[in-house]
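Engineer: Provided herewith is a single structure, encoded as structure tokens, for subsequent inquiry.
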Amino acid sequence: MLNNTLFSKLKKPSILLVVTSIIFYFIFAYYTTRTEYYKIVALYAALFFLFYKLVDYNKTNLKLLTYTAFILRLIFIFSTPNLSQDFYRFIWDGRMIFQGFNPYLYTPDSFINNGIFPINQAQELYDGMGELSSSHYTNYPPINQLCFTIAALFSSHSVLGSIISMRLIIIAADIGTLYFGKKLLKRLKLPSNRIFWYVLNPFIIIELTGNLHFEGVMIFFLIWAFYLLYSDKWKQAAVIFACSISVKLIPLMLLPLFFKFFKSTITLKISYRKLITFYTIIGLTILLLFLPFFSMEFVNNYSKTVGLWFGNFEFNASIYYLIRTIGYSITGYNEIAIIGKILPVISVLIILGLSLFKQNNSLPKLITSMLLAFTCYLFLSTTVHPWYITTLVIFCIFSNYKFPLVWSFVIILSYLAYSNTANSENLWIIGLEYLIVFLVFIWEVFLKKRLPVS
């Protein structure tokens, strides 16, 4: 009787937290625009507080957390993304493929400016995606394009229908991440409830389910690959890892970190045969997935488009903005063309250093190195859109570092740029965001005594 009463008392706060979260998410999804900056920040802060309390109160009630994660995602099902317009290009690419076009060979401008409307609702999609997207070739890899094509298959005449189709794919991917993430945490003898710091995180729900960013699908394949690696099914893991790269190219930069991971079961030294086979399987799988789109024109267009992110675009950067300011004071010009080439080289050197000098011979150590490598890459990037750090959030679940969770909270500050018609950034706000992130990062990585990672 006492236990039942106690359970009832413990249950009431959780119900209140869930119901309040549902109300706030509903307001966020259907009654908020990205120009309402202060409303966005207030709702986001409230949702983050509710999320923290919900996970903290229910560390052993994983069923409640699972059902809640699913319900909160379903709230967005009929909403139009309100913090990003990328989904218009996703729908465009999917319908292009559905109509038999290779989306890597044409820009939307090349059709619309010539009075050609190759797909249904072409003008609406073109106007929605914006000038930046419409003037460039697509940079989304083949499995991402498959998701867009599935949306076109189920809804080729309705924007909302396409949104719902893509959203269901992303929700399914999050469920897969929850499934394999929990299993992997158990195998690593880590608390299973850690996965909910990712799955229930408002940042993850809003950026992936809400704004239709396919990092969630990439992360699903990534966690599945890690689970297969831990199960010693490394050949299957290589195929799944290649699928992750074929959603977003991000995991490609992490491949060198596997250098010390594969050991011979006999000598316990690095097995170069396994390593080379692993890389070969990944390479061949990626080539096969790109094969239906392949041509020399595709290679030229795709390489140019990917290169633009390093030398032309800038948003929510940290170290780059500091160097840019110094460059302005010396030359009087924006030196992004030069700085944008140097910073990726530094990122590569850091990744190689972590590959050669850290003992990434266990899965937790490997994931921790991936976390640090990708963090350094983002610190040095010219463009850091909020959804880029979703990968850091999932990595930190398997490590001793928590700074990505802090970053997932303060990243909302970057949306101030959309509160004005010019989409100009307030560098003081960006500075505040990164001051908090860097302080926590330095404390955790360099100052705080870490527990050993097994």
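The values are calculated or read from the model by the stated rules, or taken from the named source; none is laboratory data. In this text the structure is predicted, and so the values were computed from the model without any measurement. Neighbour counts run over all protein chains shown; Cβ positions are idealised from the backbone, glycine included. Surface accessibility is based on the protein's heavy atoms, side chains included, excluding ligands, DNA and RNA. Shrake-Rupley method; radii C 1.70, N 1.55, O 1.52, S 1.80 Å.
Engineer: Look at the range 110-134 and say how many of its residues are among the small types (Gly, Ala, Ser) and under 24 Å from the mean Cα position of the chain (by Cα).
Structural biologist: 4
Engineer: Take the conditions surrounded by 24 or more Cβ atoms within 10 Å (Cβ to Cβ) and either on the phi < 0 side of the Ramachandran plot or modelled with pLDDT under 95 (or both) and apply them to SER231. Does it pass?
Structural biologist: The answer is no for SER231.
Engineer: Anything in the range 111-140 that is among the polar types (S, T, N, Q) and in a loop (DSSP other than H, G, I, E, B)? List them, or say none.
Structural biologist: Within the range 111-140, ASN113, ASN114, ASN120, GLN121, SER135, THR138, ASN139 qualify.
Engineer: Cβ contacts < 7 Å: first residue under 21 Å from ALA45 (Cα atoms) and crowded, with 18+ Cβ neighbours inside 10 Å, restricted to the range 186-208; second residue among the acidic types (Asp, Glu) and at pLDDT 95 or above, any location; separation 6+ or different chain. Result?
Structural biologist: Correct list of pairs: VAL199/ASP174; LEU208/ASP174; LEU208/GLU215.
Engineer: Also, quick follow-up: Restricting the search to the range 69-110, which residues are closer than 11 Å to LEU125 by Cβ, assigned to a helix (DSSP H, G or I) and either free of Cβ contacts under 8 Å to residues at least 60 places away in the same chain or open to solvent by 30 Å² or more (accessible area, probe 1.4 Å) (or both)?
Structural biologist: Result: TYR88, ARG89, TRP92, ASP93, MET96, PRO108.
Engineer: Within the range 398-429, which residues are hydroxyl-bearing (Ser, Thr, Tyr) and either open to solvent by less than 50 Å² (accessible area, probe 1.4 Å) or touching a residue at least 24 places away in the same chain (Cβ under 8 Å) (or both)?
Structural biologist: SER399, TYR401, SER408, SER414, TYR415, TYR418, SER419
Engineer: Shifting gears a bit: Of all residues in the range 21-35, how many are more than 14 Å from LEU83 (Cα to Cα), surrounded by fewer than 16 Cβ atoms within 10 Å (Cβ to Cβ) and either free of Cβ contacts under 8 Å to residues at least 40 places away in the same chain or among the polar types (S, T, N, Q) (or both)?
Structural biologist: 1
Engineer: Scanning the range 326-336 for residues that are open to solvent by less than 80 Å² (accessible area, probe 1.4 Å) and β-branched (Val, Ile, Thr), which turns out farthest from GLU433 (Cα to Cα)?
Structural biologist: THR331
Engineer: For a quick check of your reading: which helices (runs of 4 or more DSSP H) sit entirely within the range 141-212 and have at least 2 residues that are over 30 Å from GLN121 (Cβ atoms)?
Structural biologist: Because the criterion is at least 2 residues that are over 30 Å from GLN121 (Cβ atoms), the helices (runs of 4 or more DSSP H) in the range 141-212 that meet it are 159-187, 196-199.
Engineer: Right, something else. Kindly establish whether SER362 is open to solvent by 10 Å² or more (accessible area, probe 1.4 Å) and in contact (Cβ under 8 Å) with a residue 60 or more places away in the chain.
Structural biologist: For SER362, the condition - open to solvent by 10 Å² or more (accessible area, probe 1.4 Å) and in contact (Cβ under 8 Å) with a residue 60 or more places away in the chain - is met.
Engineer: Hey, another quick one. Within the range 374-390, restricting attention to residues that are within 14 Å of ILE206 (Cβ to Cβ) and open to solvent by less than 10 Å² (accessible area, probe 1.4 Å), which residue is nearest to the chain's Cα centre (by Cα)?
Structural biologist: The extreme case among them is THR390.
Engineer: For THR80, indicate whether it is within 21 Å of the chain's Cα centre (by Cα), of a type in the set (Ser, Thr, Tyr) and under 22 Å from VAL159 (Cβ atoms).
Structural biologist: Judged against the criteria, THR80 is a match.
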